[in-house]
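The structure appears below as structure tokens.
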Amino acid sequence: DVKVTQSSRYLVKRTGEKVFLECVQDMDHENMFWYRQDPGLGLRLIYFSYDVKMKEKGDIPEGYSVSREKKERFSLILESASTNQTSMYLCASSLGGSGYEQYFGPGTRLTVT
Amino acid sequence: AQKVTQAQTEISVVEKEDVTLDCVYETRDTTYYLFWYKQPPSGELVFLIRRNSFDEQNEISGRYSWNFQKSTSSFNFTITASQVVDSAVYFCALSEIGASKIIFGSGTRLSIRP
């Protein structure tokens, strides 16, 4: 079974803090994704990566950056957390590009106060 | 532009009723993929099914069935004899050929009452 793990289920940070969300997958998948999920808005893609050190902006990249130094690990960074970044963050991975299903981690509920 | 619409925000039915979740998509591509995911209260999205645009056969898996109709750009999901464990948020999604990313609908929250 594909396993995608995220470093924290719940996280509380203060405005202005630098926040790291870590995601690890154990199935040698090429692609990894970061989404945020907000009520009524579904899942919105923040960034994705199709190879080590490669990344592409998704639909809402502002205020975020990512890092992929190893194939199995994809990090989401909030350089200076703001209250409007309070959300559920979901990481996913897939074996390839279009047509491949994505496998999701359990999510990190981030609250920025 | 690609888009997925799930017009039903919330549905509540009594256990053992049949329920259909609607999904309408928009794409200019002739080759694309459609997905359904389930998000139970625990939060982790679970992949349910993938269809490609050339395969319009309906799919049945136990109590779950999917109806794909290109003529109406719809990919609807039916649960027969619903159970409380089916309570979840269900997402329909679309991926165009050559695109790494998947576009998700806004989801339908399904509540099954005992």
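Taken together, B:Ala81, B:Ala93 contain a single residue that is touching a residue at least 12 places away in the same chain (Cβ under 8 Å) and outside any strand (DSSP E or B), which is B:Ala81.
Whether any residue in region A:89-104 is within 8 Å of chain B (Cβ to nearest Cβ), outside any strand (DSSP E or B) and under 18 Å from A:Val24 (Cβ atoms) is what I want to check. Yes.
In region B:100-114, the qualifying residues are those that are within 14 Å of chain A (Cβ to nearest Cβ) and either in a strand (DSSP E or B) or in contact (Cβ under 8 Å) with a residue 40 or more places away in the chain (or both), and the one that is nearest to A:Asn31 (Cα to Cα) is B:Ile102.
Residues that are assigned to a strand (DSSP E or B) and free of Cβ contacts under 8 Å to residues at least 40 places away in the same chain were ranked within region B:1-47; the one that is farthest from the other protein chains (Cβ to nearest Cβ) is B:Val46.
Kindly provide the set of residues from region B:67-99 that are more than 21 Å from B:Glu15 (Cβ to Cβ) and within 14 Å of chain A (Cβ to nearest Cβ), ordered by number. Answer for region B:67-99, where residues must be more than 21 Å from B:Glu15 (Cβ to Cβ) and within 14 Å of chain A (Cβ to nearest Cβ): B:Phe91, B:Cys92, B:Ala93, B:Leu94, B:Ser95, B:Glu96, B:Ile97, B:Gly98, B:Ala99. Where residues in region A:46-59 are under 17 Å from B:Ala99 (Cβ atoms) and not in a strand (DSSP E or B), which of them is nearest to the other protein chains (Cβ to nearest Cβ)? Checked region A:46-59; the qualifying residue nearest to the other protein chains (Cβ to nearest Cβ) is A:Gly58.
For every residue, the table says whether it meets (1) charged (D, E, K, R); (2) surrounded by fewer than 18 Cβ atoms within 10 Å (Cβ to Cβ).
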site	(1), (2)
B:Glu17	yes, yes
B:Phe35	no, no
B:Glu59	yes, yes
B:Tyr64	no, yes
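Only the coordinates and a few stated rules stand behind these numbers; no lab work does. Quantities reported herein were computed from a predicted structural model and do not represent experimental measurements. FYI the Cβ positions are ideal-geometry reconstructions off the backbone, even for glycines, and counts take in every protein chain you see.
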